[in-house]
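Undergrad: Here you go, one structure.
The values are calculated or read from the model by the stated rules, or taken from the named source; none is laboratory data. Values in this document were obtained by computation on a predicted structure and should not be read as measured data. Virtual Cβ from ideal backbone geometry, glycine too; neighbours counted across all protein chains shown.
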Amino acid sequence: MTQRSEILKNALKNSILILDGAMGTMIQRHKLSEADYRGERFKDWPQDVKGNNDLLTLTQPDIIMDIHRQYYAAGADMVETNTFNSTRVSQADYGMEDLAYELNKRGAEIARSVADEFTNQNPDKPRFVVGTVGPTSRTASLSPDVNNPAFRNVTFDELVKNYHEAACGLMDGGADIIMIETIFDTLNAKAAIFAVNKVFSERKKTLPIMISGTITDASGRTLSGQTAEAFWYSVRHAKPISIGFNCALGAKELRQHIVSVSKIADCNISAHPNAGLPNEMGEYDESPSDMAIQLKEWGQSGLLNIVGGCCGTTPDHIKAIANAVEGIAPRKIPEIERHMRLSGLESFEVIQQ
């Protein structure tokens, strides 16, 4: 572990750390055109690139830097790199597979520069860069063809290569943490865990790993069918610094799943829910104060170590959340009795008498 990793561990012992909010929501405020996304470098690119938010790391770095700066100013201890889709398999939608490493490295460098700027202003509040590894646009567990359940459009080994390249870029750019996030398919997450640990082994350097799944709907399961408990048992071998959930649900709907993992996880708990559920226009209506009231109760109930926001959240949301949980003690990591614990779609525990 690096010195900054030790600083992070100590910070987690002392307070609930604040993660940033949505990147996409903030980018949408700029109402960027196709030409804005292309910039000078990609002005002659043969296909449309509007909507490829990660590309803005290269074509509009000042916008990305300003978004990071707004979140740090709002009270965030940690910001996520603009690299959610910076894998070859996701960039293939735009024909930009070969940019994957550069996108990750540059994304981490931009966040690093802003983090250092704020840390230098206030050394008593160190700021951290979370290198974001998204789920990719494909799933290793499920078939995209309803007529052929055995078909897969990506393999485990292909995902490992994608995640390996992304992790290399994030580390080279100065990320403090690797976060495998918005996991809807645990097999994808396992490929990411394997790839990240492979990079650590090759470089003889490790970073803390955050793991954040997503419960897709009221079923209380990930897209690949696991309960919150089963998901934790499936990824616990990664020894993450935190486990949690983000996206898909608002705080009200997500709370029960955070409760479930907080009881059984012997690591920190993270949560960054959406600003409520999307309305009929696909937008998020929950105000900063409404969201902060809910998450304050989570903190008071001993559920949180790291908290932030996902879709629909803004610096105003993060500021309100930071103020709401300020001074509340972080969740105490429980000592979990050793038993055999297995997971399929459900969790299974073997207790010897």
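Undergrad: Only one of 251, 238 is within 20 Å of the chain's Cα centre (by Cα) and farther than 17 Å from residue 318 by Cα; which? Break it down into steps so the answer makes sense when it comes.
TA: Details: 251 fails: farther than 17 Å from residue 318 by Cα.
On inspection, the qualifying residue turns out to be 238.
Undergrad: Could you tell me whether any residue of the range 91-102 is over 20 Å from residue 176 (Cα atoms), of a type in the set (Gly, Ala, Ser) and in a helix (DSSP H, G or I)?
TA: yes
Undergrad: Is it the case that some residue within the range 35-54 is within 22 Å of residue 316 (Cβ to Cβ), part of a helix (DSSP H, G or I) and either under 20 Å from the mean Cα position of the chain (by Cα) or not aliphatic (A, V, I, L, M) (or both)?
TA: Yes, that holds for at least one residue.
Undergrad: Okay, moving on. Would you confirm whether or not the range 83-99 contains a residue that is farther than 24 Å from residue 153 by Cα and not aromatic (Phe, Trp, Tyr)? Reasoning before the result, please.
TA: Initial filter on the range 83-99 (farther than 24 Å from residue 153 by Cα): none.
Checking the range 83-99: not a single residue is farther than 24 Å from residue 153 by Cα and not aromatic (Phe, Trp, Tyr).
Undergrad: Then there is this: Can you confirm whether residue 304 is part of a helix (DSSP H, G or I), among the hydrophobic types (A, V, I, L, M, F, W, C), in contact (Cβ under 8 Å) with a residue 24 or more places away in the chain and within 27 Å of residue 209 (Cβ to Cβ)?
TA: So residue 304 fails the test.
Undergrad: Could you list, in sequence order, all residues of the range 200-221 that are touching a helix residue (DSSP H, G or I) at 6+ places or on another chain (Cβ under 7 Å) and surrounded by 21 or more Cβ atoms within 10 Å (Cβ to Cβ)?
TA: Correct list: 207, 208, 209, 211, 213, 215.
Undergrad: Would you check if residue 318 is surrounded by 15 or more Cβ atoms within 10 Å (Cβ to Cβ) and either out of contact with any Cys (no Cβ under 8 Å at 6 or more places or on another chain) or part of a strand (DSSP E or B) (or both)? Working first, answer last.
TA: Values: surrounded by 15 or more Cβ atoms within 10 Å (Cβ to Cβ): yes; either out of contact with any Cys (no Cβ under 8 Å at 6 or more places or on another chain) or part of a strand (DSSP E or B) (or both): yes.
Yes; evaluated as a whole, the condition is true for this residue.
Undergrad: Look through 133, 160 and report the one residue that is free of Cβ contacts under 8 Å to residues at least 60 places away in the same chain and of a type in the set (A, V, I, L, M, F, W, C).
TA: Checking each option against the conditions leaves just 160.
Undergrad: Take the residues in the range 275-292 that are touching a helix residue (DSSP H, G or I) at 6+ places or on another chain (Cβ under 7 Å) and assigned to a helix (DSSP H, G or I); name whichever of them is surrounded by the most Cβ atoms within 10 Å (Cβ to Cβ).
TA: It comes out as 291.
Undergrad: Turning to a different aspect of this structure: Looking at the range 13-28, can you tell me whether even one residue there is without any contact (Cβ under 8 Å) to a residue 60 or more places away in the chain, in contact with a His (Cβ under 8 Å, 6 or more places away or on another chain) and either buried (at least 24 other Cβ atoms within 10 Å of the Cβ) or closer than 21 Å to residue 113 by Cα (or both)?
TA: no
Undergrad: A follow-up question, please. As an exercise: evaluate residue 140 against (1) in contact with a Lys or Arg (Cβ under 7 Å, 6 or more places away or on another chain); (2) surrounded by 17 or more Cβ atoms within 10 Å (Cβ to Cβ); (3) modelled with pLDDT of 95 or more and give the number of the one condition it does not meet.
TA: Failed condition: (3).
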